[in-house]
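Single-structure report; data block below.
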Amino acid sequence: MKKYFIIFLLLITGNLFPQTDNSFYTKQFERITDSIITNTLVPGLIVGVWDKSKNLEWTAAKGFADTENKVKMTTSKLVRIGSNTKTFVNTVLLQLVQESRLSLDDKLSLFYPEIPNSENVSIRMLSNMRSGIFNYTESDEFGEFLSKNPTGYISPAELVHWGVSRPYYFSPGTDFHYSNTNTVILGMIIEKLTGNSLEKEIQKRILDKLNLKSTYMASDSSLTGDYAHGYGTGADSVKPLPDYTNTFTVSWAWAAGAMVSNLYDVKTYVEALTDGSLLSPEMQAQRKTFDKITPNRKVEYGLGWYRYDNFIGHNGGIPGYSSIMMSDPDRHCTIIVFYNAQIKISVDELFLTLSKVLYPELPW
């Protein structure tokens, strides 16, 4: 990863001062994203950068959406957005808190008393990844399921069982550990409170409200619409990368990572997410509280999203796809990156590099 990040930095070294001519920025963006396709195994990418203060709008699609048939990538292609799904689930959760259907300080035992130690886990801890509950995707059972029944269905309750049957990482509330189990439990709580499926609640409360016509929650191994194929996963040194588009069911991801979308819907969504359009001012203010994950990390985690400086959003990785959506509501700047590969080349590093072109004063 470091050598690719150095490539990015070399491409932008020499003039990092803000320019009134946006061609400076766009030329740097072109060179940086070209370097990904030229110097890595990423088959294709989609990137968007919007900055209202600079009157800048730049989108690009490079490489291939389908390597076997040589189909070029386009900016409208659908991709799996993985853990960005967590922001949808947590938004619905916070809307229910606004409606007094539950409280962030409620204990998990109120909903699932059978979960060990649930009387010491709050809803807030599930949201900000401080519950200590084991991450089911780190379990042996998860790996065995994917290898033996990759396209089969698994229920949220079974996923949670894999997590809560293991010892906690730490006492609830005392540390941070990213755990997909937390978000699956939140999805189950949403369904219990509303009597509706999580998919329907996301549709009604977010997708319909924002008119996101190209976004949906997948349920199995198939994709619909004009999508990019996804590659990679465990084959970083092999070219061509294996095609993982329809290899695995996403029932294993569910609330933690089953959403599908495109560049333009994600832009609309992440800007609504960060400007507070989806929550009351009071709830948005509460959501915009963050904790450092570790003292030396740039990133801070909050209620189902994270922050670099004042850029807020999330990333996602799921077999075949990597993504990041970040928006700064004060700078009025949004940056989105999709790769149709899940390998070691980090979308976060590209986001950090592009944002540094625009704002050299950023602390990275």
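The values are calculated or read from the model by the stated rules, or taken from the named source; none is laboratory data. The shown structure was predicted, so the numbers you read here are calculated from the model rather than taken from an experiment. Positions of Cβ are generated from backbone atoms using ideal geometry, with glycine treated the same way; all protein chains shown enter the neighbour counts. Heavy atoms of the whole protein, side chains included, go into the accessibility calculation; ligands, DNA and RNA do not. Shrake-Rupley method; radii C 1.70, N 1.55, O 1.52, S 1.80 Å.
Can you find a residue that is crowded, with 21+ Cβ neighbours inside 10 Å, part of a loop (DSSP other than H, G, I, E, B) and of a type in the set (A, V, I, L, M) anywhere in region 194-204? There is no residue in region 194-204 that is crowded, with 21+ Cβ neighbours inside 10 Å, part of a loop (DSSP other than H, G, I, E, B) and of a type in the set (A, V, I, L, M).
As a summary of the residue check, Gly304 satisfies the conditions (1) assigned to a loop (DSSP other than H, G, I, E, B); (2) under 14 Å from the mean Cα position of the chain (by Cα); (3) free of Cβ contacts under 8 Å to residues at least 40 places away in the same chain except for the one numbered (3). Starting from residues that are touching an Asp or Glu at 6+ places or on another chain (Cβ under 9 Å) and at pLDDT 95 or above, keep the ones in region 10-43 and report whichever is surrounded by the most Cβ atoms within 10 Å (Cβ to Cβ). It comes out as Pro43.
Taking region 44-55 as the search range and keeping residues that are of a type in the set (A, V, I, L, M, F, W, C) and crowded, with 23+ Cβ neighbours inside 10 Å, which one is nearest to Lys70 (Cα to Cα)? Ranking the qualifying residues of region 44-55, first place goes to Leu45.
This table checks each residue for (1) in contact with a Phe, Trp or Tyr (Cβ under 7 Å, 6 or more places away or on another chain); (2) over 30 Å from Tyr227 (Cα atoms); (3) surrounded by fewer than 24 Cβ atoms within 10 Å (Cβ to Cβ).
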residue: Leu78; (1), (2), (3): yes, no, yes
residue: Thr85; (1), (2), (3): no, no, no
residue: Leu93; (1), (2), (3): no, no, no
residue: Leu102; (1), (2), (3): no, yes, yes
residue: Ser109; (1), (2), (3): no, yes, yes
residue: Ser122; (1), (2), (3): no, yes, yes
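Answer yes or no: is there a residue in region 308-324 that is over 24 Å from Tyr359 (Cα atoms), of a type in the set (Ser, Thr, Tyr) and over 17 Å from the mean Cα position of the chain (by Cα). Scanning region 308-324 turns up no residue that is over 24 Å from Tyr359 (Cα atoms), of a type in the set (Ser, Thr, Tyr) and over 17 Å from the mean Cα position of the chain (by Cα).
Answer with yes or no whether Glu300 is within 24 Å of Ile46 (Cα to Cα) and among the acidic types (Asp, Glu). So Glu300 does not fit the description; no. Every test in (1) of a type in the set (Gly, Ala, Ser); (2) open to solvent by less than 20 Å² (accessible area, probe 1.4 Å); (3) within 18 Å of Glu191 (Cα to Cα) is passed by Gly152 save one, and that test is (3). For Ser197, the conditions (1) within 24 Å of Ile345 (Cβ to Cβ); (2) free of Cβ contacts under 8 Å to residues at least 40 places away in the same chain; (3) not charged (D, E, K, R) are fulfilled apart from (1). Scanning region 51-70 for residues that are part of a strand (DSSP E or B) and more than 24 Å from Tyr359 (Cβ to Cβ) gives Ala61, Gly63, Phe64, Ala65, Asp66.
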